[in-house]
Amino acid sequence: DAGVIQSPRHEVTEMGQEVTLRCKPISGHDYLFWYRQTMMRGLELLIYFNNNVPIDDSGMPEDRFSAKMPNASFSTLKIQPSEPRDSAVYFCASSSWTGVDTDTQYFGPGTRLTVL
Amino acid sequence: AQTVTQSQPEMSVQEAETVTLSCTYDTSESDYYLFWYKQPPSRQMILVIRQEAYKQQNATENRFSVNFQKAAKSFSLKISDSQLGDAAMYFCAYSRRGNKLVFGAGTILRVKS
């Protein structure tokens, strides 16, 4: 299996621009998570989905952030408009409700976002 | 709310020696999971080991083992025969079934040759 795939790996943009981060979970996984990592706040959950349905979006900072999962193999995290304080590493992770590694989250390589 | 505490910001170990990283957590749940993840400079989050709370037996994965003390809410990671490739940031994490991971602040592990 290719593991969790994220794109782009690096994104540099200017304040006010729209940013879209993409994630392809491991095939067969029914949970998908978006996390953000910063020096100040560490690793924190933004939102997660179960069977393509958002379950907990309490970590989404504000209305500038939105996430979708149109099907089981694709999710997007969008920031519009972006601000310098959004600069961080954004991780996508997926897990399965069944199997020997139930509820074990596997992470993608992350997207390093820099907003100038 | 669940919390995870890693009290050691940084640890050092000599190559081939053993080191233990500490982690404590707070929860009122009885059914949960605990994890250790490794994050090398590449930023990739790599699963090291997983423990299910209902299992009394401590998990092991090759040179990595845990000491899980449920009553004390303690979950330490022991790395035996340390290697240069073990140098990384290590995160302790907690989750309930079908729920988010709650991470500790991390411990930087340095391995000396």
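The values are calculated or read from the model by the stated rules, or taken from the named source; none is laboratory data. Here the structure is a predicted model, which means the values were calculated and not measured. Neighbour counts are summed over all protein chains in view; Cβ atoms, including those assigned to glycine, are modelled from backbone coordinates with ideal geometry.
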| request: Spot the failing condition for A:Leu46; the list is (1) farther than 21 Å from B:Pro41 by Cα; (2) free of Cβ contacts under 8 Å to residues at least 12 places away in the same chain, and only one is missed. | output: (2)
| request: Give the residues of segment A:99-116 that are within 11 Å of another protein chain (Cβ to nearest Cβ) and out of contact with any strand residue (DSSP E or B) (no Cβ under 9 Å at 6 or more places or on another chain), sorted by residue number. | output: A:Val100
| query | Could you say whether any residue in segment A:37-53 is basic (Lys, Arg) and at pLDDT 95 or above? | reply | no
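Of all residues in segment B:72-113 being assigned to a loop (DSSP other than H, G, I, E, B) and away from every other protein chain (no Cβ under 13 Å), which is surrounded by the most Cβ atoms within 10 Å (Cβ to Cβ)?
Here is the first cut: in segment B:72-113, the ones assigned to a loop (DSSP other than H, G, I, E, B) are B:72-73, B:80-83, B:87, B:96-101, B:104-106, B:113.
Within this subset, residues satisfying the condition of being away from every other protein chain (no Cβ under 13 Å) are B:72-73, B:80-83, B:87, B:113.
Numbers: B:Ala72: 9, B:Lys73: 16, B:Ser80: 14, B:Asp81: 11, B:Ser82: 20, B:Gln83: 13, B:Ala87: 18, B:Ser113: 7.
Of everything passing the filter in segment B:72-113, B:Ser82 is surrounded by the most Cβ atoms within 10 Å (Cβ to Cβ).
Filter segment A:23-72 down to residues that are among the charged types (D, E, K, R), more than 17 Å from A:Pro84 (Cα to Cα) and more than 14 Å from chain B (Cβ to nearest Cβ), then give me how many there are.
Let us first name the residues in segment A:23-72 that are among the charged types (D, E, K, R), namely A:24, A:30, A:36, A:41, A:44, A:56-57, A:62-64, A:68.
Of the ones still in play, those that are also more than 17 Å from A:Pro84 (Cα to Cα) are A:24, A:30, A:44, A:56-57, A:68.
Now drop any that are not more than 14 Å from chain B (Cβ to nearest Cβ), which leaves A:24, A:68.
Summing the residues that are among the charged types (D, E, K, R), more than 17 Å from A:Pro84 (Cα to Cα) and more than 14 Å from chain B (Cβ to nearest Cβ) in segment A:23-72 gives 2.
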| query | A:Leu32 fails exactly one of the following numbered conditions: (1) within 14 Å of the chain's Cα centre (by Cα); (2) exposed (fewer than 14 other Cβ atoms within 10 Å of the Cβ). What is the number of that condition? | reply | (2)
| message | Being under 24 Å from B:Ser42 (Cα atoms), buried (at least 21 other Cβ atoms within 10 Å of the Cβ) and either among the aliphatic types (A, V, I, L, M) or within 10 Å of chain B (Cβ to nearest Cβ) (or both) is the requirement here; does A:Tyr90 meet it? | response | no
| task | Could you check, for segment B:67-89, whether at least one of its residues is out of contact with any Ser or Thr (no Cβ under 9 Å at 6 or more places or on another chain) and within 18 Å of A:Ala93 (Cα to Cα)? | result | no
| query | When you go through (1) without any contact (Cβ under 8 Å) to a residue 12 or more places away in the chain; (2) surrounded by 14 or more Cβ atoms within 10 Å (Cβ to Cβ) one by one for A:Glu62, which number turns out not to apply? | reply | (2)
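In segment A:25-43, how many are touching a residue at least 24 places away in the same chain (Cβ under 8 Å) and aliphatic (A, V, I, L, M)? If you could, list the steps in order and put the result at the bottom.
Taking segment A:25-43 first, the residues touching a residue at least 24 places away in the same chain (Cβ under 8 Å) are A:25-38, A:43.
Applying the additional criterion that residues be aliphatic (A, V, I, L, M) yields A:26, A:32, A:43.
Number satisfying all stated conditions: 3.
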